[in-house]
1. Scan region 66-85 and tell me whether some residue there is under 23 Å from GLN1 (Cα atoms) and of a type in the set (Lys, Arg).
2. Pull up region 61-82, narrow it to residues that are touching a Leu at 6+ places or on another chain (Cβ under 8 Å) and in contact (Cβ under 8 Å) with a residue 40 or more places away in the chain, then point me to the one that is surrounded by the fewest Cβ atoms within 10 Å (Cβ to Cβ).
3. State which residue pairs qualify: first residue touching a residue at least 60 places away in the same chain (Cβ under 8 Å) and inside region 15-28, second residue assigned to a strand (DSSP E or B) and acidic (Asp, Glu) in any location, beta carbons under 6 Å apart, and separation of 6 or more residues or different chains.
4. Have a look at SER72, SER55, SER27 and point out the one that is out of contact with any Cys (no Cβ under 9 Å at 6 or more places or on another chain), at negative phi, outside any strand (DSSP E or B) and modelled with pLDDT of 95 or more.
5. Working only within region 106-116, note down all residues that are modelled with pLDDT of 95 or more and either out of contact with any Gly (no Cβ under 7 Å at 6 or more places or on another chain) or not in a strand (DSSP E or B) (or both).
6. How many residues does region 75-96 hold that are in a loop (DSSP other than H, G, I, E, B) and on the phi < 0 side of the Ramachandran plot?
7. Look at LEU11 and say whether it is touching a Gly at 6+ places or on another chain (Cβ under 8 Å), open to solvent by 30 Å² or more (accessible area, probe 1.4 Å) and of a type in the set (A, V, I, L, M).
8. Anything in region 58-69 that is under 22 Å from VAL114 (Cβ atoms) and either assigned to a loop (DSSP other than H, G, I, E, B) or over 10 Å from the mean Cα position of the chain (by Cα) (or both)? List them, or say none.
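The values are calculated or read from the model by the stated rules, or taken from the named source; none is laboratory data. This one's a predicted model, so the numbers in the text were calculated from it and none came from an experiment. Quick reminder, even Gly has a Cβ in these numbers, built from the backbone with ideal geometry, and neighbours come from all protein chains shown. What goes into the accessible areas is simple: the full protein's heavy atoms, side chains included, and nothing from ligands, DNA or RNA. Shrake-Rupley method; radii C 1.70, N 1.55, O 1.52, S 1.80 Å.
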Amino acid sequence: QVQLVESGGGLVQAGESLRLSCAVSGSFFSLTAMAWYRQAPGKQRELVADISAGSGSRTNYADSVKGRFTISRDNAKNEVHLQMNSLMPEDTAVYYCNGRYRTYPWGQGTQVTVSL
């Protein structure tokens, strides 16, 4: 069974940075496009960034995070990362990783809270 385990969240002040990690079980990892999503209180889950399968040469970002967030993957470790810089209070949410085009059972997510 595929398992997704997110980590790296925390409480930071506006302007600071965090690096999220997602450990993915399963031999399929390098063949699958991956993505980070987030869900703020009272809002629907939204796509934040995605990365292509294999080398991860193609990435896409939501307009709200473009230029501040960077998604990457490490196929040797079955991990996907999200480097978040210049964090803003509106980035506060629970962050999840999952497949970009295929949804696996959701992990517990990692809470990111950005204060003024």
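1. Yes, region 66-85 contains at least one residue that is under 23 Å from GLN1 (Cα atoms) and of a type in the set (Lys, Arg).
2. My answer is HIS81.
3. SER21/GLU79; CYS22/GLU6
4. SER55
5. TRP106, GLY107, GLN108, GLY109, THR113, VAL114, SER115
6. 7
7. Working: touching a Gly at 6+ places or on another chain (Cβ under 8 Å): no; open to solvent by 30 Å² or more (accessible area, probe 1.4 Å): yes; of a type in the set (A, V, I, L, M): yes.
No: the conditions fail for LEU11.
8. TYR61, ALA62, ASP63, SER64, VAL65, LYS66, GLY67, ARG68
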